[in-house]
Amino acid sequence: MSDIAKRLERAEKYLQKGKQDAALEEYLEALREDPRNENIRQTAADLSLTLGRARDAATLLQQLFESQAGIGDAIRAAATYKKLARVATPPVEQTFRYGQFLERAGNRREALEAYATALQGFTAAARKAESLEVLKHIILIDPSVENYKRQAALAAEMGDRTTAAAAFLKAGELEAAGGQDAYPWFESAYSHDPQNPAVVLAYARSLLRRSKPEQAMEILAPFAKAAGAAMEVRDVYADALLAARKLVEAEPFIWELFQRDPRQVNEVAGLIAALIDNQTPHHALDLARKLEEHQAKAGQRREFVAMMKDIVDRHAPDAEFWEYMVEVYNASNREHDYCDALLKLFELYFAGGNFVKAADCLDRAAEVDAYEPGHQNRLEMLRGKIDDNRFKSIAARFTGMVKSEEEKEVATGVTDNESTVLEDLMLQAEIFLQYSMRTKAVERLERINKLFPREEEKNQKLHELYVNAGITLKYAEAPPAPAVEGPPTTSKMRAMADAAPPASAPPVPVPAAVANENAVDNFARVTEITRNIYRQGSIKGVLFAAVNDIGRHWNASRCVAGLCTPGKPPSAALEYCAPGVPQSEVMAIVKLITTLQSMAVVQGVVSIPNTKTPELDSIRNYINSLKAESLLAVPLCDGDEHVGILILEQCGPRAWRPTDEVVLKTIAEQMVLAVNNARLRSLVKTLAVTDEKSGLLKRSSYIDVLLSEVKRTVQQNSVLTLMLMHFGKASAMVKELGEPAVESMMQQVGQVVTTHTRANDVAVRYELTTVAVLLADTDEKNAFFVVDKLRRALSTIKVPGREEMPPATVGIAEAVLKSNFDAVDIVTEVINRVEAALDAARAEGTGTAKSLAAQLEAAAVAGD
């Protein structure tokens, strides 16, 4: 038997005899002989505790804890530590280890107490590395501001700059989350570790909050410009650039952020606004165009236009930017905004002394809405500052300022051919009504009545014009005027532009350089020209708008549009003449159209830079009378069928560019579509029964007209809005005023509505006191502007027996137009919705206007 075994045997006998002290000595001696025997140490420690020998127990328990902790026996080690703590103060290292065991076991409260004790011990012993380690464990359990501050201070004292910066950063973030000023902590973090991106980002943000963008830019620049920089860093750097007014430098960063997250579109809009305010309009315009292209591809064009409108309403862009906004509004069919933008441009150009461009802006604005308040004042501002012919051309849109020329024209017509004069004046009145220029139309019709009294009794078209203009003719009892002999076939083509100057001035050639300059910009005007063409409600209106817009834009001496079948005389023709260029003779127009169309059937576009070519020998006399030196003719084709031709004449040398041909072909295609649509609309209106006194279509044609308009609008990918104008409860008004009085009032209302809406719009007698108006190419928002315009026009009408105008309560609904929706379902949905909108408006109060948003699910009955 070994010595250790003998000692253990003796110790057992001593215990049996109750001699515990002797037994303990034997165990201690055995442990000295075998110091790795943990069983003997455990027994000796327990016996020491029993005997109250604290010193021996503490020594044994400390040794036992180290052994158990060393092998990772956390449960037994924790139990040993607790025994040790009852008899002595454990070493600080063992307290730290004990805290770790408790932390792993999930006993956070006791672990935190153990760590606090250990930290106190290490601090007292000036053991900074161990104190920092303990603080890391404390922060894992209790990440408070104070603990981070203690860690940061200790790390800084030790020279551990990385740990100090991280701790200062955390302390600052917690302070900021609590609503405190964290700037000092972020500043301390940056001072210790300026290469830490998180620290730099937090410090830069705090600098921005303190209005120190230059410092923020300086510290962020190396990180933001580095390849693969975090978007968060680039975002804050962009904010710093904006705050420092480094707008151009900020643009690529903001655009990149927007491309990654389209929800950042407001940041781009803010930059555009800032560039405008910073007097850098060129960069603002470039960014706006780039944003427009992006949003259009994303199907967000309507939202883009609304956003840009808000920007220009709140800020003050220059003329170049307003020119861009004119393009945007024009392409989006926002007529009210389009006119407003043109008038803004007018003011800017006039103030800058550019009277020619100011005149062009006024002309284009009057083309859309001749009744815009202030047009007369603007026209007077231009008097004497632009060419007199140009001034008269603009004035002819909304005033009677060219009376002498008109009287001369009428006088000549009476002696030559009264029927031609009548045709011309009727066409002019019709065009003025199409442009809502009622005053000018009334002036023409009064002239007709003076020259051709009672003509409307045998001319149905003239009678309709009187009704649409709201004119009631009264004659003294006298025999009717003798009938006027019907005009010859060729006279029907002599409907020329109203604003053409006298024929006395010699032709004015247009330099080729000017034409070439305009040709460069042709594509930008296609949308505007075709849009104006589509506004017209009749074939003559389409041709009139086409020749005038095309002739003016190309600076041509003349522009002729004719509808004809190859080999036959034209059925309709219109001509534009530049200032100083006389109108063509009828036969010259006929021969030119038939000859050039025959050539176009064979070769397509006919470009003749020099009219001395042998191809034109057959009409040489007419070419010489026209003094045309160069010609460009584009065929009007409906599919494979030639239906007409568009001709540009130049009374001077001119080389036609390929760009001219391409753009004219595009416009020619749109002209054919517009003519077909005008024919269809005219057919629908002809088939529909019109109330002669009010000019409104009867209710029986309501559905047919609406179906026709929906199909046309879907085909053209445009918009259509329906509105109901209610002028009071019919039963109550009849009871109070009598049915004849109510009927008379509604006849006046109908006349005003039909004369103050465009030719493409359709007004229907919906009920006794309700009028339905179909607004072509008009969205819901612009419909409210139409309501305001009609209310102003209706202010002249009084309720019988009262000195007040009839209050118009309006319901508005924009049709849900999808190519995969059935037209019948679209019509049904919009009818139901506009009636609901009218009910909602009446509920809000008399005289209000209300629109209801479309529910796509309701409209998609047949589309799915």
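The values are calculated or read from the model by the stated rules, or taken from the named source; none is laboratory data. Note that the structure is a prediction, hence the values are computed from the model and not measured. Because the Cβ atoms are built from the backbone with ideal geometry, glycine has one as well, and the counts that use them run over all protein chains shown. Each accessible area value is taken on the protein alone, full model and side chains, heavy atoms only, with ligands, DNA and RNA left out. Shrake-Rupley method; radii C 1.70, N 1.55, O 1.52, S 1.80 Å.
A few comments on the model shown:
- Note on residue 711 and residue 227: with the Förster distance fixed at 41 Å, the Cβ-Cβ geometry gives a FRET efficiency of about 0.15.
- Using a cutoff of 8 angstrom between alpha carbon atoms and counting only pairs six or more residues apart, the relative contact order for region 309-384 works out to 23 percent.
- Calculated accessible area for region 291-401 comes out at 43 Å² per residue, all protein chains present (probe 1.4 Å; ligands, DNA, RNA ignored).
- Applying the Karplus relation 6.51 cos²θ - 1.76 cosθ + 1.60 with θ = phi - 60° to region 57-69 yields 3J(HN,Hα) values of 5, 4, 4, 5, 5, 5, 5, 5, 4, 4, 5, 5, 5 Hz, where x marks Gly and Pro.
- Ellipticity at 222 nm from helices only: DSSP H runs of n ≥ 4 in the chain, each -39500 (n - 2.57), divided by the residue count, give -20000 deg cm²/dmol.
- Protection proxy ranking, peptides 89-95, 169-175, 372-378, average beta carbon neighbours within 10 Å, highest first: 169-175, 89-95, 372-378
- Using C-alpha pairs below 8 Å separated by at least 6 residues, the relative contact order for the chain is 6 percent.
- Rounded to the nearest 0.05, the FRET efficiency derived from the C-beta distance between residue 153 and residue 110 at R0 = 30 Å is 0.70.
- Antiparallel content of DSSP bridges confined to the chain, in %, to 5: 90 percent
- For region 17-64, the square roots a ≥ b ≥ c of the C-alpha gyration tensor eigenvalues yield an a/c of 1.5 or more together with a/b not exceeding b/c, which makes the shape oblate.
- Distant-in-sequence amide contacts of residue 728, defined by a placed amide H-H separation under 5 Å and a gap of 5 or more residues or a different chain, comprise 809.
- A quarter of the convex hull surface defined by the alpha-carbon atoms of the chain gives 60.7 nm² as the mean projection.
- Among the protein heavy atoms of region 666-818, carbon and sulfur supply 53% of the accessible surface, probe 1.4 Å, non-protein parts ignored.
- Cross-link pairs beyond the 29 Å C-alpha cut-off, checked among 17/83; 309/357; 246/290; 461/789; 698/798; 385/612: 385/612
- The tail of the calculated P(r) for region 548-591 beyond 13 Å holds 55 percent of all Cα-Cα pairs.
- Share of carbon and sulfur in the accessible heavy-atom surface of region 235-373 [1.4 Å probe, %]: 48 percent
- Considering only region 744-864, percent of DSSP beta bridges that pair antiparallel, nearest 5: 60 percent
- Distance from the C-alpha centroid of region 712-736 to that of region 345-371: 34 Å, rounded to the whole angstrom.
- Take the convex hull of the alpha carbons in region 228-363; its mean projected area over all directions comes to 8.6 nm².
- Spatial extent of region 325-368: Rg and Dmax, with the Cα atoms as the point set, Å: 10.0, 30
- Using the Cβ-Cβ distance between residue 209 and residue 263 with R0 = 25 Å, the FRET efficiency computed as 1/(1 + (r/R0)^6) comes to roughly 0.60.
- Among residues other than residue 216 with Cβ under 15 Å from its Cβ, the summed charge is +1 (Lys and Arg +1, Asp and Glu -1).
- When the GluC sites (Glu not before Pro) in region 686-794 are filtered for DSSP coil states and for at most 15 other beta-carbon atoms within 10 Å of their beta-carbon, the remaining sites are 692.
- Helix 281-297 axis, angle to the chain major axis (alpha carbon atoms, nearest 10°): 90 degrees
- Relative to the current alpha-carbon distance between residue 286 and residue 125, full extension at 0.36 nm per residue lengthens the span by 51.1 nm.
- Space enclosed by the convex hull of the alpha-carbon atoms of region 732-864, per residue, Å³: 112 Å³
- Residues with amide H under 5 Å from that of residue 638, placed H, sequence gap 5 or more: 643
- Global geometry of region 240-296, whether rounded, prolate or oblate, following the gyration tensor of its Cα atoms and the 1.5 cut on a/c: oblate
- Solvent-accessible area per residue in region 742-864 equals 40 Å², computed with a 1.4 angstrom probe and all protein chains kept.
- Considering only 120, 213, 727, the residue lying farthest towards the positive end of the dipole of the chain is 120, judged by Cα position with unit charges set on Cβ.
- Using C-alpha pairs under 8 Å with a sequence gap of at least 6, the mean separation divided by the residue count of region 625-757 gives a relative contact order of 18 percent.
- Magnitude of the charge dipole, the chain, Cβ model with Lys/Arg +1 and Asp/Glu -1, debye to 20: 1040 debye
- Counting only alpha carbon atoms, the long axis of helix 335-351 and the longest principal axis of the chain meet at about 90°.
- Scalar couplings 3J(HN,Hα) for region 547-564, obtained by applying the Karplus form with A = 6.51, B = -1.76, C = 1.60 to θ = phi - 60°, are 5, 6, 5, 5, x, 5, 5, 7, 6, 7, 5, 9, 9, 10, 10, x, 9, 6 Hz; x denotes Gly and Pro.
- Highest average first, the peptides 836-848, 632-644 ordered by how many other beta carbon atoms sit within 10 Å of their residues are 632-644, 836-848.
- The angle between the Cα long axis of helix 658-687 and the longest principal axis of the Cα atoms of the chain comes to about 70 degrees, rounded to the nearest 10.
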